[in-house]
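I have placed the structure first, in the form of structure tokens, so that the comments after it can refer back to it.
Just so it is clear, none of the values below were taken in a lab; they were calculated from the coordinates. None of these values were measured; they are calculated from a predicted model. Heads up, the Cβs are rebuilt from the backbone with ideal geometry, glycines too, and the neighbour counts pull from every protein chain shown.
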Amino acid sequence: MSNLTISKFGGSSVKNAEAMRRCSQILSKRPESRVVIISATYNTTNELEEMAGLSLKQIGDAKNHLDKLFDRHLDLAKSLNCSNDSLSMINELKLEASELIVKMNSEGHYSPEVMDQVYSLGERLSSTIFSSFLSNELKSKVIYFDIRKVLHTDSSFTRAIPNIEKIKLSTLEHLVPLIEDNNIIVTQGFVGCSLDGKTTTLGREGSDYSATLLGEALNATQVNIWTDVPGIATADPKKMISAKFVKEMNFEEASVLAKNGAKVLFPDTLEPIKRSNSTVFVGSSLNPELGGTLINSKVEPSRMVGMASEFNRVTISGTDMSTHKEKILEFIESYNPNILASNHNELTLEFSDQQVEVAFRLLHGFLFEE
Ligand code: ADP
Ligand code: ASP
Ligand code: MG
């Protein structure tokens, strides 16, 4: 669809009423953003995991946990003047959650299949609240949309693989008419549906991927990923205060970071965007005025854009990395790293467990701090 963008808000961006208000302001300034993808509110997915664990040990504790989680969401909904319909939907979700607790308790275990039903509650709750709130705030009609109608996956519960062709067909059938009818769609990240109709999820942190999959299916011009930092930086800005935000990256450079430990994007996020050749913007819902990182297909001749780390590996991402490889290896020679991957966009080095952190800092200083 022409001139359509998608906006995804992560857990910290929708963590409370104030945060949801900021999201609504962002959307009101961007009328072309017609599809909104919401993560569970901050830490809710972890709490649902804890609830599942408790249901095996002490059903009473699991139920208390559930009460607290739902009370918090009901309070949030009330403070945002959500409709009675949305309050009823929240109560229905609570019933569903209670039944799942009883099931897990009586079976003495929970399968990945049951866990996905539990996980889905987080995003279904947050999107119920946000859609009702947004329809109070915006002039346009807002529709709560169950993503399970279109986001088809295989049956690998908790790490489901999307079925791109089916997603495209169902999006055309179920979502496009609603958008053409001038509605704003609010839906869930992370959640999908197997071909036999069971609830699945794409893997922890997978809402970014939901956003780009829908972006591809709808042929959106841009997918905006709103999070708690103003873009992608040369290293995790929460761990490295000297990290610098990067204004522009290409798909390959950003993909290398996402696949090698930069948690700001789920690893597969950029695959649909590479196929559909649109763009991704990553920015802060707390401070949208700070701008962010634009990820597109432009290729620069030779540069380095950032670093990521996972386990005892350090990855440097850029373009034409072979021209930088020698000076990097020379600088870090005394640490004697193994070269795990070396190609046009990536150099991944393996250090000992004791040295990896200090090697990361030294390399970041050498490559990205003047
Ligand atoms: P959300 O809940 O919005 O999906 P995440 O916590 O998954 O947010 O991702 C945002 C976090 O990613 C940031 O707070 C930051 O600590 C972390 N992060 C890791 N590497 C990077 C990086 N290179 N650039 C920006 N943020 C990064
Ligand atoms: N809520 C899910 C998680 O915390 C998915 C996401 O936020 O992207 O893993
Ligand atoms: Mg995330």
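Hey, which of these cross-link pairs are over 30 Å Cα-Cα: Lys103/Lys149; Lys8/Lys141; Lys103/Lys141; Lys238/Lys298; Lys68/Lys274? List each step's numbers first, then the result.
Details: Lys103/Lys149 25 Å; Lys8/Lys141 19 Å; Lys103/Lys141 38 Å; Lys238/Lys298 28 Å; Lys68/Lys274 42 Å.
With Cα atoms farther than 30 Å apart: Lys103/Lys141; Lys68/Lys274.
Taking 0.36 nm per intervening residue step and subtracting the Cα-Cα distance, what contour gain separates Asp67 from Thr158 on full extension? Please list the in-between numbers first.
Numbers: separation 91, 0.36 × 91 = 32.76 nm, distance 2.44 nm.
Stretched fully, the Asp67-Thr158 segment lengthens by 30.3 nm.
Considering only DSSP beta bridges with both partners in the chain, what is the antiparallel share in %, to the nearest 5?
Values: 25 of 55 bridges.
In the chain, DSSP labels about 45 percent of beta bridges as antiparallel.
Between Ser140 and Asn343, what is the label-point separation in nm under the 7 Å Cα-to-beta-carbon projection?
Between Asn343 and Ser140, the label points sit 3.8 nm apart.
Using only the Cα atoms of segment 5-227, what are the Rg and Dmax in Å?
Calculated on Cα positions, Rg and Dmax stand at 16.7, 50 Å.
Ignoring everything except DSSP H segments at least 4 long, calculate the 222 nm mean residue ellipticity for the chain; use -39,500 (n - 2.57) per segment, divide by total residues, nearest 500. Don't skip to the end; give the middle numbers.
On the way: 12 runs with 160 residues, N = 370.
Mean residue ellipticity, 222 nm, calculated: -14000 deg cm²/dmol.
Compute the long axis of helix 322-331 from its Cα atoms, compare it with the longest principal axis of the Cα atoms of the chain, and write down the angle in degrees, 0 to 90, nearest 10.
80 degrees
How far is helix 112-137 tilted, in degrees, relative to the longest principal axis of the Cα atoms in the chain, given as a value from 0 to 90 rounded to the nearest 10?
80 degrees
Of Thr199, Thr171, Leu100, whose Cα points farthest to the positive end of the dipole of segment 95-220 (charges on the beta-carbon: +1 Lys, Arg; -1 Asp, Glu; origin at the Cα centre)?
Of the candidates, Thr171 comes out farthest on the positive side.
Using a Förster radius of 41 Å, what is the FRET efficiency between Ser83 and Thr221 based on their Cβ-Cβ separation? Nearest 0.05, please. Present the calculation step by step, with values, prior to reporting the outcome.
Details: r = 32 Å, r/R0 = 0.77.
It comes out at approximately 0.80.
Applying 1/(1 + (r/R0)^6) with R0 = 25 Å to the Cβ-Cβ distance of Glu99 and Lys263, what FRET efficiency is obtained, to the nearest 0.05?
Values: r = 33 Å, r/R0 = 1.32.
It comes out at approximately 0.15.
Quick one: angle between helix 44-57 and the longest Cα principal axis of the chain, in degrees between 0 and 90, rounded to 10, please.
So the inclination is approximately 70 degrees.
Run the numbers for Asp75 and Ser352: contour at 0.36 nm per residue of separation, minus the present Cα-Cα distance, in nm. Numbers along the way, then the final one.
Working: separation 277, 0.36 × 277 = 99.72 nm, distance 4.84 nm.
Result for the pair: 94.9 nm of gain on full extension.
Only Lys, Arg, Asp and Glu count, each charged at its Cβ (+1, +1, -1, -1), so figure out the dipole size of segment 305-368 about its Cα centre, rounded to 20 debye.
On the way: 4 positive and 9 negative charges, 23 e Å.
Computed about the Cα centre, the dipole is about 100 debye.
Cα centroid distance between segment 79-146 and segment 2-30, in Å?
Each part's Cα centre sits 19 Å from the other's.
Take Phe366 and Lys325, extend 7 Å from each Cα along the Cα→Cβ direction, and tell me the distance between the two endpoints in nm.
Going from the Phe366 label point to the Lys325 one covers 1.6 nm.
How big is the dipole moment of segment 5-227 about its Cα centre under a simple scheme where the beta carbon of each Lys and Arg is +1, that of each Asp and Glu is -1, and everything else is neutral? Debye, nearest 20, please. Display every interim value, and only then the final one.
On the way: 24 positive and 28 negative charges, 118 e Å.
Result for segment 5-227 is approximately 560 debye, rounded to the nearest 20.
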